[in-house]
Every structure is written in structure tokens, then in C-alpha cells.
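Below: the structure, in C-alpha cells.
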Amino acid sequence: MTNETTERRPIDVVSLYPNDMNIYGDSGNVLTIRRRLALYGYEPVIHHYNQGDDWPGHVDMILGGGGQDSGQSKIIDDFFTRADLLRSLADDGVPMLMICGMYQLFGEYFETSEGKRLDGIGVIGAYTVGQDVRMIGNLVEHSSDFGDVIGYENHSGQTFLREGVAPLGHVNAEGRGNNGEDHTEGARVNNVIGTYMHGSLLPKNPKISDFLIAKAAERRYGAFEPRVGDAAKAELDRLEHFAVEARRVAASRPR
Ligand code: GLN
């Protein structure tokens with residue numbers, strides 16, 4: 001028997017290359033999505049996709065993390081076997097969050113500081129050039145979609161957005177963001193978010209978590225309809241409390 005409370009509502013989430021692309025706590029993004037989906041009454045189904053794995057039969061959301069230049073080189077061949085698929089899912093509105101190293105590879109190319117060029121899949125109109133100075137520290141950016149977004153950046157690549165590509169947000173003078181020059185941070189194309197924000201990003205920024213979840217649910221079920229009982233409500237309130245605290249501390253320690 002199916003009714004409102006027992007009906008299963010799976011949401012299939014792909015964690016992209018967790019073995020090689022997962023630094024500075026980026027796996028926390030996957031944990032956050034899993035937890036919040038469950039609290040909203042959905043059934044999270046997490047697929048860990050690494051090189052050579054079968055691609056899952058159904059995908060509602062994709063999460064990718066950061067990695068060293070060496071990690072990016074390790075995944076690049078396999079990544080290109082999935083490039084057409086990822087581009088068509090992005091065009092089709094699948095929500096995706098790509099952090100740092102995967103953000104760079106969702107762009108057009110990444111040229112490392114040693115002059116090695118890795119082509120990206122071009123979902124995001126942006127290119128990245130490595131430099132010797134690393135851009136490191138907590139960061140607050142101002143986003144028209146999500147308000148203040150708070151995270152931690154650590155990268156040597158400078159990313160430049162092509163004309164007309166919307167940044168995720170803008171950083172103030174202390175923040176480096178995409179390149180340390182034009183005050184942009186990240187990018188937003190359709191429902192794909194690229195950003196340098198580690199931290200993990202999602203526990204500290206519930207608005208972005210809920211955006212990804214709402215888009216995934218709308219695509220799969222036609223609407224985002226949270227079913228939140230009293231215990232789940234209390235847990236969401238607790239998570240909100242910790243998010244507020246973590247944001248306060250991170251924002252007070254910029255570098
Ligand atoms: N290797 C890339 C850079 O340093 C990405 C680093 C990261 O993902 N944190 O620019």
C-alpha cells in the first residue's frame with residue numbers, strides 16, 4: 001500500500017571521483033545532502049563514482065570535490081569518457097556542485113603552473129591558469145542567489161570567467177575568489193554551481209544545500225515537497241544553529 005508517509009521517494013546522488021577529488025572536507029557536502037534529504041522525507045541513494053566504475057542508471061544530483069593537480073591528472077581520462085553525458089545532464093538542469101579542482105575541470109581548461117594543460121569539459125565558460133602564489137583562507141562572498149556564502153579557499157589556479165558567465169558571488173577586498181583580481185568567485189550556469197569554497201561548503205550554507213535538493217526533487221517528482229516530522233524539524237533547527245555558529249567563526253577569521 002502506498003500513502004503519504006510510506007511512499008518511497010529516492011533521490012540518486014553521484015559523488016564524483018571521491019577517491020581522488022575530495023580534499024579539505026569536501027566529502028562533508030555528500031554527508032550534508034544525504035542527511036538533509038532524509039530529514040525532508042526523501043530516500044538518499046549515494047553512488048560513489050570513481051574511474052572505471054559503471055555509471056548509475058539514474059542521476060538526480062552530482063557533487064564533485066577539490067583535488068591536487070595530481071588528482072586532476074589521475075581522473076582526467078575517465079572524466080572525458082563521461083564528458084558528453086555530464087554536459088547533457090547539465091543542459092537538462094541536473095543540479096551539480098563542483099568544488100575547486102572539479103570546478104576547474106568543468107571549465108574549458110586548466111593550465112598548471114608547470115605549463116601542463118588539462119582540458120575541461122566546458123560546461124562552465126571559464127579557464128584557469130596556475131600561478132606560484134596560493135590563495136588560501138576563509139572567505140565570505142555575496143551572492144544574489146544565496147546571500148552571504150561562507151567557505152574556505154585554497155588554490156593556485158586563477159580562474160577567469162568568459163563574458164556573460166555569472167559568478168556565484170563577489171568577494172570583498174580581502175578575499176581572493178576566482179583569481180584575486182576581479183572580485184568574482186565561482187560560477188553559476190543553469191543549475192550547475194562551480195566554486196572554490198571548501199570547508200565543507202554545504203554544512204555552513206544550508207541555502208545552497210536546499211537549492212540543490214529542491215532542484216533535484218522538482219526534476220524527479222515535479223515539486224519539492226518536504227515531509228518533516230517533529231523530530232526532523234528539531235534536527236533541522238539544530239543543524240541551523242551549528243551552521244550559524246560555524247559561519248560566525250569562519251567569517252571572523254578571514255586569513
Ligand atoms: N589543483 C588546483 C589548484 O591548486 C585545485 C586545488 C583544490 O582543489 N583545492 O588550483
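Bear in mind these aren't lab numbers, they're just calculated from the coordinates by the rules spelled out. Note that the structure is predicted; figures quoted are calculated from it, not measured. All Cβ positions, even for glycine, are placed from backbone atoms using ideal geometry, and neighbour counts span all protein chains on display.
Can you tell me the relative contact order of the chain? Whole percent, Cα pairs under 8 Å, sequence separation 6 or more.
For the chain, the relative contact order is 20 percent.
Its Cα centre serving as origin, the chain has a Cβ charge dipole (Lys and Arg +1, Asp and Glu -1) of approximately 540 debye. Close amide H pairs (under 5 Å, H built 1.01 Å from N) link Gly130 with Glu111, Thr112, Ser113, Gln158, residues at least 5 positions away or on another chain. Relative to the longest principal axis of the C-alpha atoms of the chain, give the angle of the C-alpha long axis of helix 206-221, reported between 0 and 90° and rounded to the nearest 10°. In the chain, helix 206-221 runs at an angle near 60 degrees to the longest axis.
Let me make sure I get this right: for segment 97-196, a, b and c are the square roots of the gyration tensor eigenvalues over alpha carbons, sorted descending. Under 1.5 in a/c it's rounded, otherwise prolate if a/b > b/c, else oblate. Which is it? Taking the square roots of the gyration eigenvalues as a ≥ b ≥ c, segment 97-196 is oblate. The string of couplings for segment 23-35 from the Karplus curve (6.51, -1.76, 1.60, θ = phi - 60°) is 10, 6, x, 5, 5, x, 5, 5, 4, 5, 5, 4, 5 Hz, one whole number per residue in order, with x for Gly and Pro. In terms of Cα to Cα distance under 28 Å, which lysines are near enough to Lys215, apart from those fewer than 8 places away along the same chain? In chain and number order, the partners are Lys204, Lys207, Lys233.
What is the mean projected area of the alpha carbon convex hull for the chain, to one decimal in square nanometres? Mean projected area for the chain: 13.5 nm², to one decimal. Given in Å, the Rg to one decimal and the Dmax to the nearest whole number for the Cα atoms of segment 63-143 are 13.1, 37. Report, ordered by chain and residue number, the lysines lying within cross-link reach of Lys74, taken as a straight Cα distance under 26 Å and ignoring same-chain residues fewer than 8 apart. Qualifying lysines at Cα under 26 Å: Lys116. Here the Gaussian network model covers the chain, with springs between Cα atoms less than 10 Å apart; of Gly186, Gly52, Gly67, Gly52 fluctuates the most. Once the chain from Ala232 to Arg117 is taken as fully extended at 0.36 nm per residue, the excess over their C-alpha distance is 36.7 nm. Shown in residue order for segment 87-104 are the 3J(HN,Hα) couplings computed by the Karplus curve 6.51 cos²θ - 1.76 cosθ + 1.60 at θ = phi - 60°: 5, 6, 5, 5, 4, 7, x, 5, x, 9, 10, 10, 9, 6, x, 6, 4, 4 Hz (x for Gly and Pro).
Ellipticity at 222 nm from helices only: DSSP H runs of n ≥ 4 in the chain, each -39500 (n - 2.57), divided by the residue count, give -10500 deg cm²/dmol. Near Ile11, the amide H atoms lying under 5 Å from its own belong to Glu43, Val45; only residues 5 or more places off or on other chains count, and H is placed 1.01 Å from N. In segment 174-210, which residues have a backbone nitrogen under 13 Å from the label point lying 7 Å from Asp148's Cα in the Cα-to-Cβ direction? Residues passing the 13 Å test: 205.
Nearest 5 percent is fine: what portion of the DSSP beta bridges confined to the chain is antiparallel? Looking only at bridges with both residues in the chain, the antiparallel portion is about 55 percent. Averaging 1/r across all pairs of distinct Cα atoms in segment 1-134 and inverting the result yields a Kirkwood radius of 15.8 Å. In this calculation the C-beta distance from Ala38 to Asp92 is compared with R0 = 25 Å, giving a FRET efficiency of 0.50. Extension gain for Gln131-Val45 works out to 27.1 nm (0.36 nm per residue, less the C-alpha to C-alpha distance).
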